[in-house]
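Working notes, beginning with the structure itself.
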Amino acid sequence: MMMTSSPRRPLVPLVRVLSLLAAGLTALLTLFLIGYILLQGLPHLSWELVSTSPSYISQRVGILPDLLNTLYITLTTLLFVLPLGVGAAVYLTEYASSRRLAGAIEYAAEALAGIPSIIYGLVGMLLFSNTLGTSLMAGALTLVIMNLPTIMRNTQESLKTVPQSYREGAFGLGAGKWRVIRTVVLPNCLEGVVTGCILSVGRILGESAALLFTAGFAHTANDFFTALSSPGATLTVALYVYAKEQGEFGAAFAIAAILMLLALAINLLATLSAKFFQRRNAS
Amino acid sequence: MNQPVITVQDLNLWYGQSQALRSVSIQIPDRAITALIGPSGCGKSTFLKTLDRMNDLIPSVRVEGQVLYQGQDIFQTDVNQLRREIGMVFQKPNPFPMSIYDNVAYGPRTHGTRDKKTLDQLVERALRDAAIWDEVKDRLKKNALSLSGGQQQRLCIARALAVQPRVLLMDEPTSALDPISTSRIEDLVLSLKEHYAIVMVTHNMQQALRVSDQTAFFLLGELIEFGETGTLFSQPRDKRTEDYITGRFG
Amino acid sequence: MKHTAKRSEQVIHALFFLLGMVAVACVILITVYLVFSGLPAILQIGPGPFLTGKVWASTAAQPQYGILPFILSSLAGTAGAILLGLPVGFLTALYLAKLAPPRIRALLGQAVSVLAGIPSVVYGLVGMMVLVPAVRSLFGVPDGAGLLSAIIVLAIMILPSIVKMTVTALNAVPQEYEAASLALGATAEETWVRVTIPAARSGIAAAVVLGVGRAIGESMAVMMVAGNAPNLPDSLFQSVRFLTTAVASEMSYSSGLQQQALFSIALVLFLFIMLLNALLNFILKGENKL
């Protein structure tokens with residue numbers, strides 16, 4: 001007896017074709033974006049561009065200040081967010097005994113992860129720029145709040161994989177809680193911290209809306225400490241200003257190419273570190 | 001019977017609502033091996049973990065009754081000091097993911113020994129006492145996880161010995177090991193009883209018979225019978241003990 | 001000695017407790033700041049005229065503060081982006097999870113990660129330079145910057161999150177379900193459509209909600225391609241402003257009631273996002289209960 005096919009049946013084999021098409025589209029899109037940005041941007045990338053500051057007098061465009069500002073803001077953000085995020089994760093997995101409190105903290109972290117950057121920009125402006133002035137420091141502190149959930153979540157995932165038997169072994173020898181955490185737990189959650197850092201750096205490099213009103217868009221090359229207290233544009237903000245307000249598309253594409261290369265590098269780094277830890281855990 | 005090092009009186013323990021130990025009273029003799037036997041879930045491991053307060057790590061546990069270690073109430077003393085004097089060896093070998101040397105030195109360092117020479121001596125003695133020195137003396141800096149399962153367990157015993165405890169608690173220390181490693185650990189345990197009080201949970205009745213001086217039989221959270229090992233196995237007083245050791249339930 | 005040891009442990013515990021509470025404190029702080037700075041203008045303008053007013057003329061002699069155009073543009077842009085991005089993202093995820101040979105899966109997975117890592121301003125730049133002129137010449141409109149361009153850029157930008165979430169959801173479906181279906185004589189495709197996808201539905205729903213959140217919250221890329229005039233989104237080629245870009249485009253030079261109104265817009269956006277968060281949480285928690 002032959003089964004009669006259901007009316008939906010003819011559509012079903014199409015699934016294979018359609019998903020292949022969609023995947024092809026996604027792949028083409030990515031290739032196009034990478035190729036287009038690099039083709040348009042790399043010709044404009046010169047040593048002069050990356051080693052000088054812009055000058056209205058000589059009508060020169062230089063992105064050295066933006067490069068430096070990006071570096072400074074990334075370092076400063078990590079410096080603050082790492083202890084906060086790792087500490088919060090340690091509290092959640094090692095200390096928190098109340099489920100409701102832990103739930104509230106995790107919910108808060110999720111909420112932070114979902115808030116759009118423009119809102120961070122506004123709140124950062126109210127909280128930090130109004131007190132510290134529009135400055136890289138105000139921008140970095142805003143980014144600290146934005147990246148807190150990333151560091152927290154990745155560290156937490158990693159802490160969960162530290163075997164309970166390590167903790168028991170250390171407690172059984174009479175070690176106090178803090179010593180157990182410091183010597184046996186934390187050294188074994190390195191993977192999560194590293195992954196969190198890589199993801200955060202990616203996010204910091206790509207962020208713009210949260211920085212417009214907190215860090216501002218000045219193009220002066222400063223040393224680290226001066227820069228922290230002065231306004232300054234990061235690469236993304238500079239791209240926006242050059243493209244949207246000054247029509248300097250060459251510079252904008254050059255920055256876009258740098259950002260693209262950084263995004264590719266971060267992706268590679270994430271893959272390599274995952275492989276590294278996989279191999280280390282296997283041995 | 002030797003002087004008791006631990007005296008337990010009327011110990012009750014609950015995990016949340018369910019009672020895991022019911023008015024257990026027992027005296028653990030010094031410089032002797034006490035085996036705890038009974039079917040799984042009978043409370044023997046729970047009882048063992050109460051002696052060095054490892055149950056503190058579980059939030060829902062509630063304890064009533066008295067446990068005296070050398071005359072002192074263990075629930076009133078500093079828990080870290082208590083665990084220093086009452087060491088523990090776990091069912092599955094659990095060396096830390098660090099070097100062999102650092103594993104053994106972990107305890108002494110925890111309790112404040114920093115001097116390199118003293119540490120070297122402590123580590124060597126503990127490894128010798130645990131009968132593993134000859135196998136590892138040339139690779140003390142190697143990761144402890146590279147050792148075999150049996151070696152890992154002897155390393156864990158060395159790690160416990162390095163803090164110079166009085167009592168050694170062992171929770172089925174050979175259940176994860178092959179027969180050869182098992183017999184090495186048994187020999188080691190026998191040699192250790194000259195200096196330590198040893199309490200060992202075991203599933204293996206031959207093992208209890210081979211190594212222990214006293215045996216305690218637990219069933220459903222109760223201590224049914226406690227006595228000299230040979231007597232308990234040859235002439236059990238309680239019907240339930242007899243049923244268990246003759247294999248009628250398990 | 002014993003007591004000092006205990007004391008230091010307590011201090012460390014307290015310290016970690018404080019670190020744990022930072023996230024909670026931040027959420028409370030952000031909420032309080034937005035409510036306090038956003039409410040006054042709403043009260044002064046009136047919630048009705050503010051939310052349903054069709055005209056935004058903040059710098060006119062007789063300023064008008066109606067944000068309906070922004071709300072509708074945000075909704076239209078997000079809906080459009082989901083309409084375009086969801087099918088492509090979903091089918092790409094299906095390919096990645098079920099069809100792709102290992103090498104291609106790894107490569108395409110990398111491509112999706114790269115897509116996720118490209119900064120919004122770069123999307124905006126490509127949108128400005130490629131998409132906007134293309135829309136203009138393809139459809140013969142005077143300016144390509146508008147709702148359609150914004151929708152296309154957003155659809156591409158939400159693609160990675162939809163793909164990643166959906167792949168995770170599809171991979172989480174137990175192998176036994178599929179085996180059972182295949183053992184009954186169903187083809188692989190039928191199994192995906194009738195068994196795997198329905199079993200992964202809450203994860204897929206979460207992917208959609210996440211995509212909505214991304215799209216409704218994006219500002220810089222939209223700013224660069226949407227034209228940015230405060231119009232009602234009555235055509236695909238209309239120059240529009242989203243809630244996000246309404247805040248961003250006037251913030252740097254605003255003051256007084258105008259600035260307060262911008263905070264009110266941010267508050268409205270924030271409420272949208274919190275609602276989405278609650279929805280996301282509900283969907284994922286519901287799954288765990290099953």
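The values are calculated or read from the model by the stated rules, or taken from the named source; none is laboratory data. The model shown is predicted, which means the values in this text are computed figures rather than measured ones. FYI the Cβ positions are ideal-geometry reconstructions off the backbone, even for glycines, and counts take in every protein chain you see. These accessible areas exclude ligands, DNA and RNA; they are computed on the full protein's heavy atoms, side chains included. Shrake-Rupley method; radii C 1.70, N 1.55, O 1.52, S 1.80 Å.
How many angstrom lie between the C-alpha centres of the stretch B:182-250 and the stretch C:128-168?
Centre-to-centre distance over Cα atoms comes out at 75 Å.
How large is the accessible surface per residue of chain C, computed with a 1.4 Å probe and reported in Å² as a whole number?
44 Å²
Find the centroid of the Cα atoms in the stretch C:174-216 and in the stretch B:115-141, then give the distance between the two in whole Å.
Here the two parts' Cα centres lie 57 Å apart.
Given Cα pairs under 8 Å that are at least 6 residues apart, what percent is the relative contact order of chain B?
Computed value for chain B: 28 percent relative contact order.
What does the charge dipole of the stretch A:47-282 about its Cα centre add up to, to the nearest 20 debye, if the Cβ of each Lys and Arg holds +1 and the Cβ of each Asp and Glu holds -1?
Dipole size: approximately 840 debye.
Using Cα positions and a limit of under 12 Å, work out the aspartates and glutamates in reach of B:Lys142, with same-chain residues fewer than 8 apart set aside.
Those aspartates and glutamates meeting the cut-off are B:Asp102.
Assign one of three labels to chain C, namely rounded, prolate or oblate, based on the Cα gyration tensor with a ≥ b ≥ c the square roots of its eigenvalues; rounded applies when a/c is under 1.5, prolate when it is not and a/b is larger than b/c, and oblate otherwise.
oblate
Longest exposed-loop-site-free stretch of chain B, with trypsin sites (Lys or Arg not before Pro), DSSP loop and at most 16 other Cβ within 10 Å?
B:143-236
Just read off the accessible area of C:Asp143 with the full protein assembly in place, 1.4 Å probe, to the nearest 10 Å².
80 Å²
To the nearest 100 Å², how much accessible surface do chains A and B cover up together, summed over both, with a 1.4 Å probe?
When A and B are taken together, about 1500 Å² of accessible area is lost.
Which one of C:Val126, C:Pro198, C:Ile265 has its Cα pushed farthest toward the positive end of the charge dipole of the stretch C:68-289, where Lys and Arg give +1 and Asp and Glu give -1 at the Cβ?
Result: C:Pro198.
Mind putting a number on the dipole of the stretch C:170-290 about its Cα centre? Charges go on the C-beta only, +1 for Lys and Arg and -1 for Asp and Glu, and I need it in Debye to the nearest 20.
Result for the stretch C:170-290 is approximately 280 debye, rounded to the nearest 20.
Which three extents, in angstrom, do the Cα atoms of chain A have along their principal axes, listed largest first?
For chain A, the Cα spread along each principal axis is 73, 70, 39 Å.
First measure r as the distance between the Cβ atoms of C:Val11 and B:Thr7, then evaluate 1/(1 + (r/R0)^6) with R0 = 51 Å and state the FRET efficiency to the nearest 0.05.
Result of the calculation: an efficiency of 0.90.
In chain A, if the dipole is taken from +1 on Lys/Arg beta carbons and -1 on Asp/Glu beta carbons about the Cα centre, which of A:Phe224, A:Ala113, A:Ser135 is farthest to the positive end?
Of the candidates, A:Ala113 comes out farthest on the positive side.
Take the Cα atoms of chain B, build their convex hull, and give its volume per residue in Å³.
Roughly 124 Å³ of hull volume per residue.
Using a probe of 1.4 angstrom, how much of the accessible area of the protein assembly as shown is carbon and sulfur, in percent?
61 percent
Please build a GNM for chain A, connecting alpha carbons under 10 Å apart, and tell me which residue among A:Ala265, A:Ala138, A:Ala233 fluctuates the most.
Among A:Ala265, A:Ala138, A:Ala233, the largest GNM mean-square fluctuation belongs to A:Ala265.
Scanning chain A for helices, which whole DSSP H stretches are 18 Å or more long along the axis (Cα) and average 1.0 or more by Kyte-Doolittle?
Long hydrophobic helices here: A:14-41, A:64-90, A:190-206, A:249-282.
Taking a ≥ b ≥ c as the square roots of the eigenvalues of the Cα gyration tensor of the stretch B:146-219, is the shape rounded (a/c under 1.5), prolate (a/b larger than b/c) or oblate?
Oblate is the answer for the stretch B:146-219, as a/c is 1.5 or above yet b/c matches or exceeds a/b.
Just need the relative contact order of the stretch A:47-282 here, percent rounded to a whole number, with Cα pairs under 8 Å and 6+ apart.
26 percent
When the helix-only estimate is applied to chain C (DSSP H runs of n ≥ 4, each -39,500 (n - 2.57), divided by the residue count), what is the mean residue ellipticity at 222 nm, nearest 500 deg cm²/dmol?
-24500 deg cm²/dmol
Using a Gaussian network model on chain A with a 10 Å cutoff between Cα atoms, which of A:Ala210, A:Ala175, A:Ala243 fluctuates the most?
Looking only at A:Ala210, A:Ala175, A:Ala243, the largest GNM fluctuation is found for A:Ala175.
How large is the accessible surface per residue of the stretch A:106-251, computed with a 1.4 Å probe and reported in Å² as a whole number?
For the stretch A:106-251, the per-residue accessible area is 31 Å².
To the nearest 20 Debye, how big is the dipole of the stretch C:1-156 about its Cα centre, given +1 on the beta carbon of each Lys and Arg and -1 on that of each Asp and Glu?
560 debye
Give me the residues in the stretch C:61-96 whose solvent-accessible area, probe 1.4 Å, is reduced by at least 20 Å² once all protein chains are included instead of the chain isolated.
C:Val88, C:Leu91, C:Thr92, C:Leu94, C:Tyr95
How big is the accessible area of C:Thr52 in square angstrom, nearest 10, if you roll a 1.4 angstrom probe over the protein chains?
That residue has around 90 Å² of solvent-accessible surface.
Hey, what's chain B come to in accessible area per residue, 1.4 Å probe, Å²?
Computed with neighbouring chains in place, this is 43 Å² per residue.
Give me the accessible area buried between chains A and C, both sides summed, with a 1.4 Å probe, in Å² rounded to the nearest 100.
Protein heavy atoms only, the A-C interface buries about 6600 Å².
Filter the cross-link list B:Lys92/B:Lys193; A:Lys160/B:Lys141; B:Lys49/B:Lys239; A:Lys244/C:Lys164; A:Lys160/B:Lys193; C:Lys6/C:Lys285 down to pairs whose alpha-carbon distance in this structure exceeds 30 Å.
Result: A:Lys244/C:Lys164; A:Lys160/B:Lys193; C:Lys6/C:Lys285 exceed 30 Å.
Straight-line reach from A:Lys177: which aspartates and glutamates fall under 14 Å, measuring Cα to Cα and dropping same-chain residues less than 8 apart?
Cα-Cα hits under 14 Å: A:Glu94, A:Glu168, B:Asp56, B:Asp78, C:Glu9.
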